[in-house]
Amino acid sequence: MPEVGVEGQEKIRSSTVLVIGAGGLGGSLLQYLVAAGVGKIGLVEADVVEGSNLHRQILFTHQDIGQSKGAIAKAVLNRLNPDVEIQHYNERFSIKNAYTLVQSYDIVVDGSDNFPTRYLVNDACVLLGKPFISGAVHRFEGQVVLLGLPDGPCYRCLYPKPPTPGLVANCAEEGVLGAVAGVIGGLMATETLRFLLGLHAPKGGELLQVDLKTFRFAKFVFSKNTACLLCGEAPEIFDLLENYEAFCGIPEQIAKVVTPAELHDWKIEGIDYFMLDVREPEEYAAGNMGGHLIPSGQLTNRLDELMQYRNKRVVVHCKSGGRSREATKLLLDAGFTDVWDIKGGFLAYLAFYHALDAFGKSTP
Ligand SMILES: [Zn+2]
């Protein structure tokens, strides 16, 4: 291709890209970046493979369920192109590691599925002067945009305020067509390569919006918002925020917290508790801990079912801890006296039993 050539290949080969998440977006995104021969890819991923996600997380198979997503992704990608160096960071992208991680790469590609991470990626990148690509999917729709270039807009220029929690559900709750995540991940890879080859819009800010229900692509061009609190003319943000969840309106943890390991001990000690699972029926069918199922959206109207446990120990979980935090708050507000949130949710439970199995000690 004339746009790439030997010189372009060399540019790609000498580039480093930090990818956040090996999930639905990360799947196709990582495969194309690795196939294109990017020199080094950093992958930030702390989750384990979960059965209910396999329809959109194409790097993984049924045999990988319960195992580290990052470790499996690295092995699969190494087979695809052994010349690409892949560094797996088995940690969540957080205020503790954001600067160090972003600093070490040429560009950041955000394949996360939540607003606190998107704002954190934005702030870390803008404060360090690093470009980044933001992508998102929802049902049949998605979007991709390159941000954080000199004189170009940032995520806060486009979205000064995070959406009201509850109005926006995550992929697990609302669902996403797997192929749509693949398309958006592919577009993110394309935009990354366009950037590495110098074929991008000089200031970025070209947002490609995709609606695959109606088969429509639309391009919106954004410029820097002079009133942006981070990159505008009179900025007020000079460092990372202390709490991105709070900034996005996600409630503080007020219930007591129990880890899967502690819960395992409760079982052995014969401590009695009632378990409530607030995920969706499809997630429950794909794998569960035997809890009583009431999806988080129905909890307010179905509290009657739980009133007999009002003075008993109630343990609540969802997939990773977001919905259960809301649910435990609701139960405590309704007068329940002994409410516990399982730390890390069903994913942490799977990881715990996977580790136990590895030592041949137990199965759930
Ligand atoms: Zn801005």
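Bear in mind these aren't lab numbers, they're just calculated from the coordinates by the rules spelled out. Being a predicted model, the structure only gives us computed values, none of them experimental. All Cβ positions, even for glycine, are placed from backbone atoms using ideal geometry, and neighbour counts span all protein chains on display.
Some values worked out for this structure:
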| read-out | value |
| --- | --- |
| Ala218 paired with His55, simple spin-label distance in nm, labels 7 Å along Cα-to-beta-carbon | 2.6 nm |
| Sequence-distant residues sharing a close amide H with Val38 (under 5 Å, placed H) | none |
| Cut-off under 5 Å, modelled amide H: who pairs with Arg313 long-range | Phe274 |
| Computed helical MRE - 222 nm, the chain, DSSP H runs ≥ 4 contributing -39500 (n - 2.57), nearest 500 | -10000 deg cm²/dmol |
| Axial C-alpha extent at least 18 Å, average Kyte-Doolittle at least -0.5 - helices from the chain (DSSP) | 24-36, 115-128, 178-196, 345-358 |
| Cβ-based exposure ranking for Ile254, Ile58, in which fewest neighbours within 10 Å come first | Ile254, Ile58 |
| Stretchable slack from Leu128 to Asp304, in nm (0.36 nm times residue separation minus alpha-carbon distance) | 58.2 nm |
| Shape of segment 5-247, Cα gyration tensor, a/c cut at 1.5 | rounded |
| Gained length - Ser14 relative to Lys267, 0.36 nm times residue gap less alpha-carbon distance | 85.8 nm |
| Cα-Cα over 19 Å, subset of Lys319/Lys343; Lys74/Lys96; Lys161/Lys219; Lys69/Lys319; Lys256/Lys312; Lys161/Lys329 | Lys74/Lys96; Lys161/Lys219; Lys161/Lys329 |
| Burial ordering of Asp341, Asp113, fewest other beta-carbon atoms within 10 Å first | Asp113, Asp341 |
| Rounded FRET efficiency, nearest 0.05, which uses the C-beta distance separating Asn90 from Thr259 and R0 of 25 Å | 0.90 |
| Estimated vicinal HN-Hα couplings, Hz - segment 209-226 in sequence order (Karplus 6.51, -1.76, 1.60; Gly, Pro = x) | 9, 10, 10, 8, 6, 10, 6, 10, 10, 9, 10, 10, 10, 10, 10, 4, 8, 4 |
| Global geometry of segment 256-358, whether rounded, prolate or oblate, following the gyration tensor of its Cα atoms and the 1.5 cut on a/c | oblate |
